[in-house]
Amino acid sequence: MRTIKLLAPSQLEMRETDERPAITDSTVRVDVKACGICGSDLALYNGRRDLSGEHYFGHEFSGVITEVGNGANGLKKGMRVASELVKGCGRCWFCRNGMQNYCKSLNDALLPGGFTEQTLVTNTDAYSFLSPIPDELDDITASILEPANCAYHVAMKANIQPGDSVLVIGLGAIGLVAAMILKTMGAGTVIGADRSKLRLEQVRKTGLLDVIDTSEPAWMEQVKEMTAKDGVDIVIEATGAPPVLKDAMAAARTGGKIVVPSVYFGGIDGFEPLPIMRKELTIVGSKGPAPQLKTDGTSAVVEKVIQMKDDLRKLISVYEYKDALQAFADARSGAAIKAVIQFS
């Protein structure tokens with residue numbers, strides 16, 4: 001079985017192994033077809049997260065079920081699936097208070113994760129991290145379901161009103177997909193912002209968003225000119241750079257909202273919180289995926305990914321397994337917006 005092991009920060013190894021975790025009643029076995037590289041994977045790779053406490057590697061994957069455990073949640077052998085949080089226990093404090101994304105750790109959901117040809121995934125009556133995917137989605141596009149769920153969660157936290165202006169700072173996959181989803185929900189002007197010349201050029205080529213360069217001194221004035229307002233209604237701060245939160249507060253209009261899906265490492269020197277009061281800003285966090293279900297119990301995110309699949313493919317760079325180390329290098333450098341490794 002082919003697998004990608006993270007041995008230590010900056011030490012990836014591609015290896016063949018006979019290790020095959022035994023299936024249990026509470027898991028299903030998935031033959032992985034494709035797995036995307038997430039920012040959290042890069043944080044492990046870069047040594048910004050403690051590798052010793054992680055039991056899995058890779059969580060943005062698609063594949064086919066080959067063994068079903070107890071067959072909970074209607075999952076069957078031969079079914080095409082993709083990773084996505086779709087069900088919490090409903091009993092813990094988090095589930096009872098609308099925070100199902102805190103129900104379990106992915107350490108409890110995946111073994112060993114998506115960067116291998118086979119992985120076990122928890123699937124019980126109380127928890128599931130898999131959605132069936134229809135024929136309209138190929139394996140590569142389906143691998144973006146989990147980050148699309150995270151982005152959908154961001155969009156729901158924004159509570160967009162028709163015509164609201166939106167500024168997305170940080171044009172990685174989460175920021176871009178959140179921008180795309182907000183457009184489908186009725187946002188008016190949607191602006192992307194980044195300081196990376198490479199990333200700005202990549203996004204311009206997709207034609208998905210108007211973009212501005214935050215390394216330019218007058219970029220904030222450009223935002224105001226583009227929205228014809230004294231700031232934007234909604235700011236998505238998706239850079240992961242703590243000081244940018246100050247820019248988000250400056251860019252938001254009086255009464256505006258800032259949604260923060262960023263994973264921050266470190267603090268903000270000279271942080272001035274006064275605008276929170278003076279401008280009556282609402283600042284909310286958005287963590288990871290959460291169950292986003294339609295009234296029939298199926299995934300609203302699957303439907304959204306189908307709606308946006310042609311545009312989503314513009315964000316994806318596909319790498320064969322033999323080129324997996326290059327995929328991580330390109331994800332690390334920003335040469336790939338969303339690098340996806342294909343196992344078959």
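The values are calculated or read from the model by the stated rules, or taken from the named source; none is laboratory data. Nothing here was measured: the structure is a model prediction, and the numbers come from that model. Every residue, glycine among them, receives a Cβ derived from its backbone with ideal geometry; neighbour counts consider all protein chains shown. Please note that ligands, DNA and RNA were not included when accessible areas were found on the heavy atoms of the full protein model with its side chains. Shrake-Rupley method; radii C 1.70, N 1.55, O 1.52, S 1.80 Å.
Summary table
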| read-out | value |
| --- | --- |
| Full-extension gain in nm, E67 to D135, via 0.36 nm per residue minus C-alpha separation | 22.4 nm |
| Å² per residue, accessible surface of the range 37-194 at 1.4 Å | 35 |
| Rounded to the nearest 10 Å², the accessible area of F271 at probe 1.4 Å | 70 |
| Heavy-atom accessible area ranking, 1.4 Å probe, most first, across T116, T298 | T298, T116 |
| Which of T295, T124, T282 is most accessible, then next, and so on - probe 1.4 Å | T295, T282, T124 |
| Residue-level accessible surface for R2, protein heavy atoms, 1.4 Å, Å² | 60 |
| List D213, D125, ordered by accessible area with a 1.4 Å probe, largest first | D125, D213 |
| Estimated FRET transfer efficiency when R0 is 25 angstrom, pair M1-R313 (beta carbons, to 0.05) | 0.35 |
| Rounded to the nearest 10 Å², the accessible area of T17 at probe 1.4 Å | 20 |
| FRET efficiency, 1/(1 + (r/R0)^6) with R0 45 Å, evaluated for E303 and L274 via beta carbons | 0.60 |
| Helix-only [θ]222 nm of the chain, DSSP H runs n ≥ 4, -39500 (n - 2.57) each, per residue, nearest 500 | -8000 deg cm²/dmol |
| Whole-number percent relative contact order across the chain, with pairs defined as alpha carbons under 8 Å at least 6 apart | 17 |
| Around Y152: net Lys/Arg minus Asp/Glu count, Cβ-Cβ under 11 Å | -1 |
| Mean-position separation - Cα centroids, the range 218-284 and the range 29-83, in angstrom | 34 |
| Zone residues, the range 47-88, relative to I23, backbone N less than 18 Å from point 7 Å out along Cα-to-Cβ | 62-83 |
| Total lysine pairs under 18 Å (Cα atoms) in the range 227-296, excluding pairs fewer than 8 apart on one chain | 6 |
| DSSP beta bridges in the chain [antiparallel fraction, %, rounded to 5] | 60 |
| Modelled FRET efficiency - R0 30 Å, K246 with D50, Cβ distances, 0.05 increments | 0.60 |
| Of all accessible heavy-atom area on the chain, the percent that carbon and sulfur account for (1.4 Å) | 49 |
| The range 88-141: radius of gyration and largest Cα-Cα distance (Dmax), Å | 13.5, 37 |
| For Cα extents along the principal axes in Å, calculated from these coordinates, the label among (i) 75, 40, 36; (ii) 68, 45, 39; (iii) 58, 42, 37 | (iii) |
| For the range 197-317, alpha-carbon Rg over 2.2 N^0.38 Å | 1.24 |
| At least 15 Å along the helix axis (C-alpha) and Kyte average at least 0.0, DSSP helices within the chain | 145-158, 173-184, 300-312 |
| Over the range 210-344, relative contact order from alpha-carbon pairs under 8 Å, at least 6 apart, % | 15 |
| Taking the range 1-120 and dividing mean pair separation by its residue count, relative contact order in percent (alpha carbons under 8 Å, at least six apart) | 32 |
